[in-house]
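The values are calculated or read from the model by the stated rules, or taken from the named source; none is laboratory data. Computed from a predicted model, the values in this text were never measured in an experiment. Counting neighbours? That spans all protein chains shown, and the Cβs are built from the backbone with ideal geometry, glycine included.
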């Protein structure tokens, strides 16, 4: 582990930041005035970045981590909330001004091949920031500065590299050049978006070591965006775990790894394939994938996949569809045909509602659907969804599953770790116990 | 019983810089129902080896040696014969599920097309049943059989791709980085599916990957490739706990895992295969290099721990010339060669 850096003051503060991308919607939708909705890539995120620290932003694809990183530099436009950089609110600063601010805020992307212009030699590419920002126009001075920086990042002797093109370099060498270009203007903040993910295993350590060295030498502050918990553990002072646009857990690295609070963090940690044949993959990992960010799940975003979800986590109609489809996958065909014959079009369940209206097929009484659902509950009582179900009743042509009221997880601090999960919320737990008690009566 | 056996297999690519020896004298067996992991870094030739088994080498590639499948030498097979083999005999799972399904075709049509191409005697009802069975095994519900690829998530598309491969019941399956584009949780699901494969069917699996963690979790046997050669091959447990080749042990040390407390890496970079180093390909980067390593090609031996290894540290003693074991005086590896 690295030693703790000296922290002196907040460099960046993000307050309840949202970045939504509006969907265009079809012509008809616009005609009837229906809102086409938006992709809620970042949906209410707050954190602070201390000077000199490395904060890891960890999440799966679709978690919004890349959008968040880009929004900090205003490469994606914030919809709501505030970004305060070095004491100054930059959320609505004009692009002109932003450009000069970006001398101090730099970003490195995942794919070094795509980050370098293939037609530009390294001298021009790495020296580009100097000419763009008018630091120097003097050819000799420029070459001197570029050479120094190339040697610093391990592209030595510089003379050999000045005239090279990206195509002549290996992946690791390209990422070194990209880092050189980012550091050229002596920035304060470096947002590194998966800087080692596309590199070979044996090269990753070299680039990480380089980044640690550069940080100490140039007093940098890093936001390290990654899906890889192993490098994050090694590299970061603190870690924020993102899921579907929200930070679900944030704390000191050792604490997060020793004692993950959020069920999502715990699942991620167990899923990492370790180079140790004695350790198999656990069988009980969350199923499914990160859901669509246009209509995120009701209540807690993670509830449909959560192994510990309970009464108040936000059960809804769409969860019933998942339950039925999961059941039918791999079922013997006869049985599937029999069950499917009772239930009508599952699209009826595609709505955000605490009442699931499970349609019966034309001519089938809703009583039969209720019976089927009750049988499923008896067969798989451990399925988390049933904790949320208050009642299953007949209702005309449908069977109605009424769920308990879902709650939005609140921002909590548990032993210095920030977490958004009902498991740590006494009020939510109390409410759930009440529901459970009433259910037993 | 071996499904596939390679003996002294070589594949060259002609380039402007001269021939690139991507596969350089490989011998390897894959047994029925086993999962063999083939690991190596980019450019070591592992994908070329996979492609040569499928007859998918690019034009201009030259193949030599023996590649026996079911009594036929695949190196001599025509493209026409390969077409009959690919699918029902040897299946392939690609890296990017997003781009491999036709966006204009329903999932049901993908299956219909595949099955009709290889088993023309099937009735529509049989096709439907076989498809739904394969999909069900991958956790795709029958209600979604008639949907289009865009209606599925990345992980589901990869499972559909696997079902589409398995529906033909191949004896050998080649999976080239099947989980690289996926997240850890989805990756774990796919690895479980591949792991269950050998329990339920007698399918042999060649899993090509750069991720040693994946190999550790899903393979019984592993072959480590470096610069076109297999430098070590043996039981996964042994190779991971007692690696015999210095490249394997250095690679294992340089992986950043949850247990990493200190960074380690292999100096230098993998060689240019158009102009590889003399004798042992790894000697310029090897911490234990000896005089003999620059002078004579290493000879394959069995290490005391049981794995096959291509390294002079394990002998054979009688082939090492006098003084050959003296450590190699090395000129510092130029930083310029760093990856």
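Details
- Within region A:218-227, if we keep just the residues that are more than 13 Å from chain B (Cβ to nearest Cβ) and either assigned to a loop (DSSP other than H, G, I, E, B) or without any contact (Cβ under 8 Å) to a residue 40 or more places away in the chain (or both), the residue that is surrounded by the most Cβ atoms within 10 Å (Cβ to Cβ) turns out to be A:220.
- Residues of region A:271-280 satisfying the condition of being within 19 Å of residue B:256 (Cβ to Cβ) and assigned to a loop (DSSP other than H, G, I, E, B): A:272, A:273, A:274, A:275, A:276, A:277, A:279
- Strands (runs of 3 or more DSSP E) enclosed by region A:351-434 - at least 2 residues per element that are closer than 29 Å to residue A:244 by Cβ and touching a residue at least 60 places away in the same chain (Cβ under 8 Å): A:398-403, A:417-419
- Residue list for region A:277-318, restricted to those being within 14 Å of chain B (Cβ to nearest Cβ) and surrounded by fewer than 17 Cβ atoms within 10 Å (Cβ to Cβ): A:278, A:279, A:280, A:282, A:283, A:284, A:287, A:288, A:292, A:294, A:307
- Of all residues in region B:121-151, those that are more than 10 Å from every other protein chain (Cβ to nearest Cβ) and under 28 Å from the mean Cα position of the chain (by Cα) total 3.
- Evaluation of residue B:261 against (1) buried (at least 20 other Cβ atoms within 10 Å of the Cβ); (2) within 7 Å of another protein chain (Cβ to nearest Cβ) (one fails), failing number: (1)
- Of all residues making up region B:185-208, the number that are without any contact (Cβ under 8 Å) to a residue 24 or more places away in the chain, surrounded by fewer than 21 Cβ atoms within 10 Å (Cβ to Cβ) and within 11 Å of chain A (Cβ to nearest Cβ): 2
- Some residue of region A:228-238 being buried (at least 24 other Cβ atoms within 10 Å of the Cβ), at pLDDT 95 or above and part of a strand (DSSP E or B): no
- The set of residues in region B:173-190 being under 13 Å from residue B:208 (Cα atoms) and outside any loop (DSSP other than H, G, I, E, B) consists of B:173, B:174, B:175, B:176.
- Here region A:319-341 is the region considered, the condition is being more than 10 Å from every other protein chain (Cβ to nearest Cβ) and surrounded by fewer than 20 Cβ atoms within 10 Å (Cβ to Cβ), and the residue that is modelled with the lowest pLDDT is A:334.
- Residues of region A:200-216 that are touching a helix residue (DSSP H, G or I) at 6+ places or on another chain (Cβ under 8 Å) and either touching a residue at least 60 places away in the same chain (Cβ under 8 Å) or not assigned by TED's automatic domain parsing to the domain that holds residue A:69 (or both): A:212, A:214.
- Among the candidates B:263, B:205, the residue that is in the same structural domain as residue B:326 (by TED's automatic domain parsing) and either under 20 Å from the mean Cα position of the chain (by Cα) or part of a loop (DSSP other than H, G, I, E, B) (or both) is uniquely B:263.
- Filter pass, residue B:231 being within 10 Å of chain A (Cβ to nearest Cβ) and either at pLDDT 90 or above or surrounded by fewer than 24 Cβ atoms within 10 Å (Cβ to Cβ) (or both): no
- Of all the numbered requirements in (1) within 22 Å of the chain's Cα centre (by Cα); (2) assigned by TED's automatic domain parsing to the domain that holds residue A:189, residue A:220 misses one, and that requirement is (1).
- Residue B:145 in contact with a helix residue (DSSP H, G or I) (Cβ under 6 Å, 6 or more places away or on another chain) and surrounded by 20 or more Cβ atoms within 10 Å (Cβ to Cβ): no
- Yes/no for residue B:168 being closer than 26 Å to residue B:42 by Cβ, more than 11 Å from chain A (Cβ to nearest Cβ) and touching a strand residue (DSSP E or B) at 6+ places or on another chain (Cβ under 7 Å): no
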